[in-house]
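J.: Please read through the structure below; I'll follow up with questions.
The values are calculated or read from the model by the stated rules, or taken from the named source; none is laboratory data. Computed from a prediction, not measured in an experiment: that's the story for all the values here. Cβ placement follows ideal geometry from the backbone for every residue including glycine, while neighbour counts extend to all protein chains displayed. Accessible surface areas use protein heavy atoms only, side chains included; no ligands, DNA or RNA. Shrake-Rupley method; radii C 1.70, N 1.55, O 1.52, S 1.80 Å.
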Amino acid sequence: MLTLNLTNADSFLPQDYLTSRKPRLEQAAEMLATHSGPGGDFTGWVTLPRDYDKEEFARIQAAARRIQKQSQVLVVIGIGGSYLGARAVIELLRSPNYNLKQKDTPDVLFTGNGLSTDALLETISLIGDRDFSVNVISKSGTTTESAIAFRIFKGMLEEKYGKEGARERIYATTDKSRGALKGLADAEGYEEFVVPDAIGGRYSVLTAVGLLPIAVAGVDICQLMEGAETMMEVCAKTDMAENPAWQYAAARYELYRTGKKIEVLAAYEPSFRFMAEWWKQLYGESEGKEHKGLFPASVEFTADLHSMGQYIQQGQRLMFETVVRFEPKGTFLIPDDPENVDGLNFLSGKPLSFVAEQALRGTILAHVDGGVPNILIRMPQISESSVGYLIYFFEYVCGLSGYLLGVNPFDQPGVEAYKKNMFALLGKPGYEEMKQKLESRL
Ligand code: PA5
């Protein structure tokens with residue numbers, strides 16, 4: 001199970017912060033449980049690991065098996081909340097090198113998550129002449145990046161397999177009753193999965209949004225949900241000492257209040273990179289509003305100790321660190337070198353994980369001495385269950401944190417501004433006046 005260690009944040013925190021924050025946490029937890037706080041209509045994720053749609057879940061598993069049989073490649077089209085969770089879980093559980101590995105499941109290629117021509121062309125060339133299927137994920141169906149990608153890959157499927165054949169290979173994850181993609185999927189007869197109304201994009205990894213691609217990659221999604229459910233029970237506890245989510249939310253809020261405006265998420269696993277991207281969207285979109293909120297940043301240790309480590313140690317004192325450390329799965333013993341050229345023979349025969357552990361401990365103390373509070377999350381080995389724990393833990397802390405901060409953690413009004421400007425500059429009908437004004441400023 002996940003354990004939270006706040007020892008190396010304590011000296012930066014008021015002595016009584018856990019007791020003084022308890023009433024606000026109780027209130028926040030109550031708002032999440034009863035869906036009665038700001039954005040309460042989007043808190044369906046709180047009980048999702050227990051209450052998920054079992055019939056749809058079985059269809060996801062069946063569709064995943066079909067895709068595994070029919071295709072060598074699954075192209076996943078989506079952006080933001082319709083993208084990052086699936087990629088994060090696949091990379092963490094199946095490796096960032098998943099597509100390079102020998103395996104009996106399809107390659108998974110993510111596209112529609114940007115506007116890079118080069119990346120799009122590369123995806124097309126990586127598919128080559130292999131059989132492929134498409135999972136298009138978009139609640140609205142009008143998100144520019146993913147809608148453009150879907151036009152392209154739908155066209156490619158229809159050219160390769162004909163309209164009928166393409167229909168068998170397109171899986172649409174979208175709104176249950178509204179939107180452009182819903183209309184198209186109904187009209188064309190694609191198999192459909194639902195982005196639930198009560199769950200926003202960044203909280204949707206444990207719905208069909210994340211689960212279909214994750215299952216296609218060979219991950220046991222039952223265990224993932226069970227892990228999340230276990231953590232759901234822990235997060236519902238009302239005794240501060242037994243609830244790591246309450247403790248973490250209280251500590252990060254108190255650090256924010258006392259001037260630590262950046263939270264740096266650090267992990268010692270390269271496979272964690274996209275979990276950190278997912279986490280950044282979760283916290284950035286949930287807390288960053290009304291000119292408030294911690295700025296979520298991420299680093300990979302020990303690699304970034306040789307780059308960003310300098311700033312963390314001695315740059316502006318604006319940040320605290322949250323470190324995620326998994327138990328290693330295997331053992332690797334450091335070989336002896338008869339010449340001892342690098343002077344490291346004192347480590348011969350020791351497990352690499354022992355070196356990593358001392359690096360972690362040394363880094364925590366160095367950063368704390370440099371004025372960076374440290375929160376340590378220790379995890380068991382990377383597995384479906386432990387990843388389920390972590391996803392739910394971060395989601396729940398995020399909900400609590402938004403309410404402690406006094407914002408609605410479930411909206412994202414700020415992401416519309418660039419879209420309006422982009423549509424005006426692209427010459428979308430109805431935006432003519434705005435286009436003129438913008439052009440005059442550029
Ligand atoms: O969290 C969010 O709401 C966003 O990241 C959306 O998921 C993202 O913009 C994609 O939207 P849609 O699913 O409508 O294409």
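J.: Can you name every residue in segment 130-144 that is closer than 15 Å to residue 155 by Cα and more than 16 Å from the ligand (Cβ to nearest atom)?
T.: Result: 131, 132, 133.
J.: Sticking with this one: I'd like to check which helices (runs of 4 or more DSSP H) are fully inside segment 206-322 and have at least 3 residues that are more than 15 Å from the chain's Cα centre (by Cα) and charged (D, E, K, R). Reasoning before the result, please.
T.: On the way: elements: 208-216, 221-235, 244-257, 273-287, 309-314.
Output list reads 221-235, 244-257.
J.: Among the candidates 30, 91, 26, 55, which residue alone is touching a Ser or Thr at 6+ places or on another chain (Cβ under 6 Å) and charged (D, E, K, R)?
T.: Selected residue: 91, the only one of 30, 91, 26, 55 that is touching a Ser or Thr at 6+ places or on another chain (Cβ under 6 Å) and charged (D, E, K, R).
J.: If you don't mind, there's one more thing I want to ask. Take the residues in segment 140-165 that are among the charged types (D, E, K, R) and open to solvent by 30 Å² or more (accessible area, probe 1.4 Å), then tell me which one is nearest to residue 71 (Cα to Cα).
T.: Checking each candidate, the answer is 160.
J.: Name the single residue that is nearest to residue 379 (Cα to Cα) among those in segment 90-116 being within 16 Å of the ligand (Cβ to nearest atom) and among the hydrophobic types (A, V, I, L, M, F, W, C).
T.: 110
J.: Can you find a residue in segment 42-57 that is in contact (Cβ under 8 Å) with a residue 60 or more places away in the chain and touching a His at 6+ places or on another chain (Cβ under 7 Å)?
T.: Taking every residue of segment 42-57 in turn, at least one turns out to be in contact (Cβ under 8 Å) with a residue 60 or more places away in the chain and touching a His at 6+ places or on another chain (Cβ under 7 Å).
J.: Looking at segment 166-183, which of its residues are open to solvent by 20 Å² or more (accessible area, probe 1.4 Å), free of Cβ contacts under 8 Å to residues at least 24 places away in the same chain and more than 16 Å from the ligand (Cβ to nearest atom)?
T.: The answer is 167, and nothing else.
J.: If you don't mind, there's one more thing I want to ask. Please verify whether residue 82 is within 16 Å of the ligand (Cβ to nearest atom), under 21 Å from the mean Cα position of the chain (by Cα) and either farther than 30 Å from residue 382 by Cα or charged (D, E, K, R) (or both), treating the condition exactly as stated.
T.: Judged against the criteria, residue 82 is not a match.
J.: Follow-up. Which members of segment 184-202 meet the condition of being over 17 Å from residue 56 (Cβ atoms) and either crowded, with 23+ Cβ neighbours inside 10 Å or more than 16 Å from the ligand (Cβ to nearest atom) (or both)?
T.: 187, 188, 189, 200, 201, 202
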